[in-house]
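The values are calculated or read from the model by the stated rules, or taken from the named source; none is laboratory data. Just so we're clear, the structure is a prediction, and the values are computed from it rather than from any experiment. Note that each Cβ is placed from the backbone with ideal geometry, even for glycine, and that neighbours are counted across all protein chains shown.
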Amino acid sequence: MTVSDVAPIVSARRDDPAALTIDGYLASGGYEGLRAALARTPAEVLDEVKAAQLLGRGGAGFPAGQKWGFLPPGKTPYYLVVNGDESEPGTCKDRVLLERDPHQLVEGVLICAYAIGAAQAFIYIRGEMPLAHERVLTAVAEAYERGLAGRNIDGTDFSVDVVVHWGAGAYIVGEETALIESLEGRRGMPRLKPPYFPAAIGLYQQPTVVNNVETLSNLPWILRHGAAAFTALGTEKAHGTRLFAISGHVRRPGVYEVEYGTTTFRDVIYDERYAGGLGDGRELKAFIPGGASAPWLFPEHLDLPLDPSVVGPAGSMLGSGAIVVMDDTTDVVKAALRLVRFYAHESCGKCTPCREGTTWLATILSRIVRGGGKADDLELMLDVADNISPPPFPRAGWADRGIEPIAFPYRRTTICDLGPSVVSPLRSAIERFRPEFDAYLALALDPARTGVPVEVNRGR
Amino acid sequence: MADDVTTESAAPATVAVTIDGTTFDAKPGELVIAAAERAGVYIPRFCWHPRMSSVGMCRMCLVEVDTGRGPALQPSCMIEVADGMVVETASDKARQAQDGVLEFLLVNHPLDCPVCDKGGECPLQDQTVAFGPGESRMVEEKRHFEKPIAISELVALDRERCILCDRCTRFASEVAGDPLITFIGRGNTTQVNTFPDDPFSSYFSGNTVQICPVGALTATPYRFKARPWDLEQVESTCTTCSVGCRIAVQSSSDRVVRHLGVDVDPVNWGWLCDKGRFGFEATNSDDRLTSPLVAGPAGAGLVETSWSVALDRAVEGLTAEGGSVAVIGGARLTNEDAYAWSKLARVALGTDSVDAQLGDGLPAPFVLGLPRATIDEACEADVLVLLAPDLKEELPVLHLRLRDAITNHGLQVIELATTDTSMTSLAAVSLRYRPGDAASAVRTLLDASAESDPSWAQARQLLSGGSVVCVLGRPSLAEAADSVVAAADLLLTELSAVTFLPALRRGNVLGALELGLAPGMLPGRVTLDDGRDWFTRAWGELPAVPGLDTAGILAAAADGRIQGLVLLGSDPLADFPDRELARRAIEGAGFVVAVDCFLNDSSRQADVVLPAATSGEKDGTTTNIEGRISRVQQKVTPPGTARADWIIAVELADRLGIDLGFDSLGAIWAEIERLAPSFSGVTRARLSGPEALAGILPDPIGPPADRPGPLRHHPVPHQVSVPPVDAYALRLVSGRRLYDAGVGVARAPHLAGLAPGAPLLVNPYDLDRLGVADGETVRVTSRTARLDAVAAADVGVPRGVAVMAFNQPGPGAAELIDIADPVTDVLVETR
Amino acid sequence: MARLSAENVELAREIIGRYPRSRSALIPLLHLAQEQDGWVSEEAMVHIAELLDLTPAEVLGTASFYEMFKREPVGRYLLNVCTNISCLLLGGEELLEHCSARLGVPVGGTTPDGLFSLEEVECVAACTEAPAVQVNYRYFPEVTPESADQLLDDLAAGRLDEVVPPHGTLSRVRPPTPTRWAGRGREGLAIPPGGVRP
C-alpha cells in the first residue's frame, strides 16, 4: 500500500493563521458548507451525511448520520453537544482543529444543528485547553456578529444558539453520557445503559446528539463537495480522511491527515512525509494503535491498514486516532504501569470493579516495579483484570507463535469502557513481554519489601 | 375469534421470563432484579433499592441475560424484563462476576465486623460468609479515613466501611430533597461527606442508616446499644404523627432500642422521619411517670401513692358538686383506649364535653364528614390542592410521598399558603393569601371572572380538569379554623368530585375523633343526635345536648363552671393556641385529673396524676389520616405501674359503679366493630391477618343499613369576617416545627437539642420599614400580650406577615394568640 | 478567600443565562471563582450554591470531581508536567523529578514563596510535543531539564507574563456574549432558562 496524496479535508487550514479570523476563513471557502446546507431541507442534509457514511472520529467510530437518525420524532427540544474533551493518552488531534481552525468546527456545529433541528448547541472544550477556548469563543462571537449564528442564520428562518462550555479536568468526561452529566453541572460519571445513546435521553433528559470535534469538522467539506466525493476517498467501510497523532519514539511526531482505510501503520510511522521512522538503530518493540485504551500491536502488524473494520477483528482498535510508538529501549513494565496508574487515577469511582480494581492493579504493579513483587502477582493481576473485563480479552494474533487474534471490543462488568481499558496495556505487556516482568519479580529478594504502601495518585 | 384479536392487540399484561430455568409471568417494565425476587430468586445487590432509582454502581447484581442474541452480563437492576428473556443468576459467568465484585468490595473494607453495629445484619457480611473467598488476596495497605465522624447530631459516618453504593446520597437528594451529603473526590479516593460545617440535618437522616448496606452509617442513639441477634421485635405503627408509618419496634433487655421503617405500599414505603425513628428514647426516659401521684397537703406538691388511693381521689373529685366534667385530649390513645374513654365520659361521667383536639385542629363533624382520599389517591390525583401547615414539619412522610409524586410522576400541586413552606418550590403553583383570608383565596381561585395575575390564572387552568384532592389542615394556629372550613366548603360546592386528606398532626387524632372523643360525636362517625337511639340501646342514657370543645371547656373552666377536668395525655399550657386562657382554665377548674406518661406544665397543677403506658408498651390499633386502621403492639413492659388508658377508664368506671362491659382489648374491638358504624366489617380476625400489614381501610360503601350514619358534611358557603389590616401591624402565622418543646422531643436525649427556637421571621422589606436590623431583639405586642423575640429577615415571608413557630422553648406565639380572634395582629418595635 | 465580587456576580448571572438549566453553569462559575482568587474557597462554593439554588454539598461534590479545581491555595504558577505514555517515553518522569529538585518541593507541593506549585499530570493532549509541560495550562512543548530551568527563571522574573496569566485565568478573551434569540422560539423547552432567586 502506498501513501495517498489526497488533499486534506479537515486540516487544510492548520498552518494558515488567517483562517483564525472569520474573514480569512470566508476567503478560504468558509461557511459555504453551511450555506449549501441552508439551501436544502434539514432532511436532505441528514441524507447527505448519511450517504457520506461519516464514522465518528472520537473513538467508538459510530456512523454520525445514523446517530442523528436515532432522535425520536417530536420529543423536542433536541440538543447538540460537541465533545471537545480530548484526553485519551496519545491523542492530540482535536486540539489541532480547535486551536487552528475554530471556524470550521463552528460551521460543522451549525450544519449539524440545522440537520437535526437542535434548539441549542454546546461546545464542551477540555478545561486544560485555554487557547482552544479563546479561539473557539472568538470564532463563535464572530459568527454571531456576521449573522451566521444565533437568530435567523444567514437570513434564513433557522436559528440556533451556540454556547462554549468549559471542562475542568476529568478524563472520563470524554465518555458521552459523562460529558452530559458534566454539562449539567454534575460529577462526570457515565450514565447507566440502557438507553445506549443520548439520542433517546440526553442533556436535561432530552434527545441529544453528541459528536466529536473532528467528526463535525468534516461536515463543511461534505456539504461543499458532496457525499460522493467523500465516499470516493478511503475504502468501502472507512471513508474520507482521518487525523492520526503519531507520538513516542519516532523522528517526526505529529498530527497527520491521511486517507482513511488505505494507509497502513507502516506508512504513517515510517514514511518521510509522516513520522519518518524510529531513531537511528532503534527497533520497533510495540505500538499502541488507537489511544491508551487499545490493545497493543507489534511489528508484525505494521501492514494493517488504518481501517477500523480490519483493525477491530485483528484484536485492537483505531480508537481516537493516536498511535504511540515504543522502540526497543522501552521499559514496557514501566510503560504499562504508567497507563494502569492513569486509569486508576481517572476512574470516576462509580462501578466497583473499576474503582477498586484499577487501583489494586496499580498498587500491585507499582510494588513490582519498586522491587517488591511476588511470584503470583502476575497471575493475580490477570485474574483481577478478568473481573473487570471478563475473558476473552481482545488481543492481536501472533502469526509466528500460532496465537489467533481475539476481536475487539472487550466485555465488561462496568458501565463504561474505562475499566476494561486498564486491561489493554496490562495484558498486552504481560502476554508479550513476560520475561521483563519476571526480571522485576526477581528483584524482590528481600521479602520485607513486599506489602510496602505505594502512593498511587500523586499530585492530588 | 373476535375476543382473541382484542386480547392480542392490547398491551400484554405479563411477559414470560425464564429465570434460572423456571418460566413465569413478569410485569412489563419490571426490573429483572425485582421480577426475580418475586419469583423467589434473590439476586445479591448493594446499591439497588426498590424505592429509589437504579444507579448500577455496585455491579453486584450482574447476571447473564439472553434476549435472543446470546447471553451477556448485565446488571439486573437496570434491565427490564422482556418477553422470552432468559436470565441466569447463578451460571458460572454470573457467579464469577459476582464473586469478583464481592472481592473488590472487600479490598478496602476494614475487618472490624466484631465492633461494627451492622455485624449480624450486614448484607456485605452475609454475602461474604455465603459466597466470599476464605482469604483475601489483597496484601496492600487499605484506604484510610478518620473514623467515625459525626455528620449530624443523629448519624455517624465511617468512611472506611463505606462501599460507595450511593444509597444514602441518593436518598438525601432523590427522596428527602436534602442533598447535604455527597460524593466528594473521585475514583478510589471518593468519600461520602457533608460540606464542611454544614451537617446532614435532614428530618429524614435516619433512613440512610437503615438503608446503608454496610456499617458505614450508624445512628448515634443506637451505637453499641445492642447486637442484632439479641434483638426482639414486633411490627407496629408509629404514632408520633398521624401518617401511620409502619415500623418494627426492636428491644433488648425489655428496653426499646430501635425503630425501623417497614415498607408498605400505601403508606410509608419503609421511610420514617427522625422524630418517629428516634422518639422512642423518650419512652425510656427516667422522667417517666411510674406510679400515681396525688396532690399532698397544701404546698407539698404531688406525692406518690397507690392506684387505689389515686383512683378513689379521682372519682371523689370528679363527682363533687360544683359543675360539670370535661375531658381534653386523647390523640395519644389507641382506638381501643379512645373508645373506652368515649364511653366512660358519656355513660359514667355524664358528659359530652370531650375533645381530642386542643383548639389546634378542625371541627370534628366537619373532618369526619368530608369525602376522604387516601395518600395514594392524593399522589395520583390530576391536581392536588394544598391548604395545610408545612407538611415536612408536621406530617413528614406524607411530604416524602407527595414529593415523590411531584418529582417522579408529575403530580401538579396548587399550594395555598400564607408563607413559603417546604412544598413551595415543588408546587406547580404556590399562591399567597393573607392569614384569615383562605376562603377568599379559594373564591378567587374558583372564580373564572376574577382578575388575577398569571399564577392564579395558571392555578385556575390546572383546576379545570380532572380529579382534585385537597390536603386540608390548619395552616396556622394564629388563624381560626373557620377560615379553613369556609375555604373547604367552597371547594366542595364548586368541585363536585373533590376529596380530602386531612392534615391533622397528632398521633391518633383521627381515631380518637372517630371513636367519639369529640363533642357531639359518637363512635363510628355519627353525631350524638343521629346515633342517640342506636347507642342508647347499647350504652344506656346519653348526655342530652352536645358538649363543649376544648376552647369552650377551657373558657368554662376559667369561669369556674367546670368541676372535674380530665387531661387525657394533653398539656393545654403547651398545646392550646391561647396560653392565657389555658392558664386561667387550669386555675379555675375545681379538680384536675391528668392521665399521662410525663408530668408537664399542666399536669403539675393536677390533683391526681395517673401514669399511662405509651407506644411500644401496649397493644391495640391506631387510625391514620386516611382512616387506615393498623396495629400497634407491645414490645416492652410499661415502667412501674403505668398501664394502658383503657384499663384506667375501666377502673374509673368501676369505682363510679358502672360496668363498661369489657375487660380485654378483644372485647373492646368486638364492641367497636359491632356498634361503631364506620368500623363495621373490620373484624379482629382481619386485623391479625396478612392484610393488616399495610393497615385496613374500612369499607367505603359504609355500614349496614340498620346503623346510623354515615356522616356527611354539608357545605354551607359562608363569609368569614376578618378585621381590616392595620398598616402598622403584621399578621401572625404560627405553625409547628418537627422538633418542638413537646415531651416527645424534650425527653429524647438525641432530639432535645434540635428544637430550632422561635425567631420572628419577617420580610426584609418590613424589617427595613420598621427600622429593625436582622437579628435584633424586638418587642412583639398583640392584643393580649407582649414579649421579646429575635427578628430575622426571611424572603420567604410575604410582606405584612410575621412567622413564629409554635411551642418552641421559651415564651412564644401561644402568648400572643387570643383564641376568640379570627387572626392575630402584632406590632413589632425596637426595644 | 472570598465570595464572588459584585462584578463577578454580574458575570455569573450572565453565564447562568446561557443555559436552559442553571446548574449547567456550575463548572463555569467554579472557574470564575478560581480566576478571582487563584483557587476555589469554601466561601466561594457557598456563594455559588446560593446563585444556583444548590446546597454547598452539591457544589463541593461537583468541584471535587475535577482535577483543575484547587480547594487549597496553589502557587501563582501551576507547573503541570505530563508523564503519561508519550511523554514518559521521551523523559517526562525525569523532567518531573528535575523540576521537583530544582524547585525544592515534592510533587504536589508549593514553593515557600508561593510562586510555583508542581504537579504530575495525565495526558494534556500534547503527545506529539513530548515531553510537555503546562504552566497555568499554557503549553510548553518538548521541554528538557535545561529548558525547564530557563522556563522557571523566565516565569519567576515575570518575562512570561504576557503568555502566562496567574493561576485560575482560563480564557483571556471574553468576547461579548451573543444575544440570545432564545425563549422566543424554543418550542417544548419545559424549563425556562435558569433563573436566579433574588
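Here are the numbers:
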{"quantity": "Residue satisfying all of: in the range C:66-90; of a type in the set (Val, Ile, Thr) and outside any helix (DSSP H, G or I); nearest to the other protein chains (Cβ to nearest Cβ) among these", "calculated": "C:Thr83"}
{"quantity": "Helices (runs of 4 or more DSSP H) wholly inside the range B:85-191 containing at least 2 residues that are in contact (Cβ under 8 Å) with a residue 40 or more places away in the chain and away from chain A (no Cβ under 11 Å)", "calculated": "B:123-131, B:167-170"}
{"quantity": "Pairs with Cβ under 7 Å, 6+ apart, first in the range C:150-173 and within 14 Å of another protein chain (Cβ to nearest Cβ) and closer than 17 Å to C:Gly114 by Cα, second at pLDDT below 95 and outside any helix (DSSP H, G or I)", "calculated": "C:Pro165/C:Arg172"}
{"quantity": "Subset of the range C:116-131 (residues that are in contact (Cβ under 8 Å) with a residue 24 or more places away in the chain and within 9 Å of chain A (Cβ to nearest Cβ))", "calculated": "C:Leu118, C:Glu119, C:Glu120, C:Val121, C:Glu122, C:Cys123, C:Val124, C:Ala126, C:Cys127, C:Thr128, C:Ala130"}
{"quantity": "Set A:Ser366, A:Ser347, A:Ser389, A:Ser309: member being polar (S, T, N, Q), surrounded by fewer than 24 Cβ atoms within 10 Å (Cβ to Cβ) and within 14 Å of chain B (Cβ to nearest Cβ)", "calculated": "A:Ser366"}
{"quantity": "Residue in the range A:72-86 that is surrounded by 17 or more Cβ atoms within 10 Å (Cβ to Cβ) and over 30 Å from C:Tyr66 (Cα atoms) present", "calculated": "yes"}
{"quantity": "Only listed residue being under 12 Å from the mean Cα position of the chain (by Cα), crowded, with 23+ Cβ neighbours inside 10 Å, under 30 Å from C:Cys99 (Cβ atoms) and hydrophobic (A, V, I, L, M, F, W, C), chosen from C:Ala33, C:Ala44", "calculated": "C:Ala33"}
{"quantity": "Filtered residue count, the range B:257-295, keeping only those that are assigned to a strand (DSSP E or B) and either polar (S, T, N, Q) or in contact with a Phe, Trp or Tyr (Cβ under 6 Å, 6 or more places away or on another chain) (or both)", "calculated": "3"}
{"quantity": "Tally, over the range A:151-171, of residues that are within 29 Å of the chain's Cα centre (by Cα) and either within 30 Å of C:Arg71 (Cα to Cα) or part of a loop (DSSP other than H, G, I, E, B) (or both)", "calculated": "9"}
{"quantity": "Residues being in contact with a helix residue (DSSP H, G or I) (Cβ under 8 Å, 6 or more places away or on another chain) and assigned to a strand (DSSP E or B) - total across the range B:233-256", "calculated": "7"}
{"quantity": "Selected residue (criterion: farthest from the other protein chains (Cβ to nearest Cβ)) from residues of the range A:239-248 that are over 11 Å from A:Gly90 (Cα atoms) and in contact with a helix residue (DSSP H, G or I) (Cβ under 6 Å, 6 or more places away or on another chain)", "calculated": "A:His239"}
{"quantity": "Any hit, the range B:721-728, residues being within 30 Å of B:Ala282 (Cα to Cα) and either of a type in the set (Ser, Thr, Tyr) or surrounded by fewer than 20 Cβ atoms within 10 Å (Cβ to Cβ) (or both)", "calculated": "no"}
{"quantity": "From the options B:Ala338, B:Ala331, B:Ala298, residue that is under 25 Å from B:Trp669 (Cβ atoms) and part of a loop (DSSP other than H, G, I, E, B)", "calculated": "B:Ala331"}
{"quantity": "Pair list, Cβ under 8 Å, 6 or more apart: the range B:456-468 residue modelled with pLDDT under 90, other residue part of a loop (DSSP other than H, G, I, E, B)", "calculated": "B:Gly465/B:Asp382; B:Gly466/B:Ala381; B:Gly466/B:Asp382"}
{"quantity": "Cβ-Cβ under 9 Å pairs, at least 6 apart or on other chains, the range B:60-74 side over 17 Å from B:Phe104 (Cβ atoms) and at the interface with another protein chain (Cβ under 9 Å from one of its Cβ atoms), far side among the aliphatic types (A, V, I, L, M) and in a strand (DSSP E or B)", "calculated": "B:Ala72/B:Val65"}
{"quantity": "Some residue of the range B:49-56 being surrounded by 21 or more Cβ atoms within 10 Å (Cβ to Cβ), within 14 Å of chain A (Cβ to nearest Cβ) and closer than 22 Å to A:Ala385 by Cα", "calculated": "yes"}
{"quantity": "Looking only at the range A:128-150, and only at residues there that are part of a loop (DSSP other than H, G, I, E, B) and under 26 Å from A:Lys67 (Cα atoms), the one that is nearest to the other protein chains (Cβ to nearest Cβ)", "calculated": "A:Ala149"}
{"quantity": "Which numbered condition C:Ala63 fails, given (1) more than 30 Å from B:Asp166 (Cα to Cα); (2) more than 7 Å from chain A (Cβ to nearest Cβ); (3) under 15 Å from the mean Cα position of the chain (by Cα)", "calculated": "(1)"}
{"quantity": "Selection count, the range A:286-304, where residues are under 16 Å from A:Glu431 (Cα atoms), free of Cβ contacts under 8 Å to residues at least 60 places away in the same chain and either within 14 Å of chain C (Cβ to nearest Cβ) or in a strand (DSSP E or B) (or both)", "calculated": "1"}
{"quantity": "Some residue of the range A:80-103 being in contact (Cβ under 8 Å) with a residue 12 or more places away in the chain, over 19 Å from the mean Cα position of the chain (by Cα) and not in a strand (DSSP E or B)", "calculated": "yes"}
{"quantity": "Verdict on A:Arg187 being of a type in the set (Lys, Arg), facing chain C (nearest Cβ under 8 Å) and either touching a Lys or Arg at 6+ places or on another chain (Cβ under 8 Å) or farther than 23 Å from B:Asp166 by Cβ (or both)", "calculated": "yes"}
{"quantity": "Residues satisfying the stated conditions in the range B:457-504, i.e. of a type in the set (Ser, Thr, Tyr) and buried (at least 21 other Cβ atoms within 10 Å of the Cβ)", "calculated": "B:Ser476, B:Ser483"}
{"quantity": "Condition broken by B:Leu311, with the remaining ones in (1) touching a helix residue (DSSP H, G or I) at 6+ places or on another chain (Cβ under 8 Å); (2) part of a helix (DSSP H, G or I); (3) surrounded by 22 or more Cβ atoms within 10 Å (Cβ to Cβ) satisfied", "calculated": "(3)"}
{"quantity": "Pairs, first under 27 Å from B:Arg579 (Cβ atoms) in the range B:346-361, second among the aromatic types (Phe, Trp, Tyr), C-beta under 9 Å, six or more apart", "calculated": "B:Val354/B:Trp341; B:Leu358/B:Phe576; B:Gly359/B:Phe576; B:Asp360/B:Phe576; B:Asp360/B:Phe806"}
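Residue-by-condition table, conditions (1) closer than 27 Å to B:Asp654 by Cα; (2) in a helix (DSSP H, G or I):
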residue: B:Val347; (1), (2): yes, yes
residue: B:Gly350; (1), (2): yes, no
residue: B:Val367; (1), (2): no, yes
residue: B:Glu377; (1), (2): no, yes
residue: B:Pro389; (1), (2): no, no
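One line per residue, one yes/no per condition, for (1) under 27 Å from B:Leu154 (Cα atoms); (2) within 14 Å of chain C (Cβ to nearest Cβ); (3) modelled with pLDDT under 95:
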position	(1), (2), (3)
B:Gly744	yes, no, yes
B:Leu751	yes, no, no
B:Val778	no, no, no
B:Thr784	no, no, yes
B:Ala791	no, no, no
B:Asp794	no, yes, no
B:Val797	no, no, no
B:Ala802	no, no, no
B:Ala805	yes, no, no
